[in-house]
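Taking it in order: structure first as structure tokens, then the write-up.
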Amino acid sequence: MDMLSMYEDVSGQKINREKTALFFSKSVIEADRQIIKGVLGVREIQHYEKYLGLPALTGKGKKESFNYIKERVWRKLQGWEGKLLSQAGREVLIKAVIQAIPTYAMGCFKLPIGLCNEIEMMTRKFWWGQRGDKRKIHWVKWSEMTKSKSEGGMGFRDLALHNDSLLAKQALRLLQDQSSLFYKVFKPRFFPNCSIMEAEESSRGSYAWRSILYGRDVIKRGACWRIGTGQKVQIWQHAWLPSKPPTRVLSPVLEG
């Protein structure tokens, strides 16, 4: 408590205990938890609570942690099903509302594929006018609907691919913007002696960090080195040839 009071005096900021919560490991006994909570005057955080719109904790049940996104989508669709909407109206609502709901969480975490599929299933049913248990024919595959309109699709998002692209953007920030607080926090913790491109997954890493590594792998699949001095390029490992694949140097096959 003295340390917290000292922090308040030095920073000029007062701790809001109503917005502060504690998380205990399983090894902390219940009696000690009650004592600590009583001294600090804050509550204990529950497993699937959210902070700033995101899960405060993500355990093994990733789908349960992000199930609130599916529930928000379902509530929106239930409110629209009874309305007489044209096909153009459904398109606008899907693009502007439904597919925008998971975007915030997708920028920080890799959502489970099963959850993305369930959200897309509800979206497909809404698009084809299905109400309740009354089935409607889906005349076009969803994979065709996610293509751009210039390619004959409707321009709907593939949620899993959209998730990967947003995470790749975060990885690119760690690669390019070294002055940001984001970089200064993650750099010494996860890749102190290399760049994000050479960082390895750590068993102690958070789910947010492992999600960023998904985005890093997206960059690796499509990025190519532009040769300058050549000091940082490993000619056998990196993609650097300015041509169509293969972009790496391939060793010749030795004949016996």
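The values are calculated or read from the model by the stated rules, or taken from the named source; none is laboratory data. Nothing here was measured: the structure is a model prediction, and the numbers come from that model. Methodologically, a virtual Cβ is constructed for each residue, glycine included, from the backbone with ideal geometry; neighbour enumeration extends over all protein chains shown.
Of note:
- Considered as a group, the residues in region 49-93 that are surrounded by 15 or more Cβ atoms within 10 Å (Cβ to Cβ) and of a type in the set (Gly, Ala, Ser) include one that is modelled with the lowest pLDDT, and that residue is ALA56.
Condition check ((1) surrounded by fewer than 17 Cβ atoms within 10 Å (Cβ to Cβ); (2) closer than 19 Å to ASN67 by Cα; (3) under 15 Å from the mean Cα position of the chain (by Cα)) across all residues:
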residue	(1), (2), (3)
THR123	no, yes, no
TRP128	yes, no, no
ILE137	yes, no, no
GLU151	yes, no, no
ALA171	no, no, yes
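- Pair list, Cβ under 8 Å, 6 or more apart: region 205-234 residue within 13 Å of LEU172 (Cα to Cα), other residue basic (Lys, Arg) and modelled with pLDDT under 90: none
- Within region 137-153, tally of residues that are part of a loop (DSSP other than H, G, I, E, B) and of a type in the set (A, V, I, L, M): 2
- As a summary of the residue check, VAL28 satisfies the conditions (1) assigned by TED's automatic domain parsing to the domain that holds ASN117; (2) assigned to a loop (DSSP other than H, G, I, E, B); (3) not aromatic (Phe, Trp, Tyr) except for the one numbered (1).
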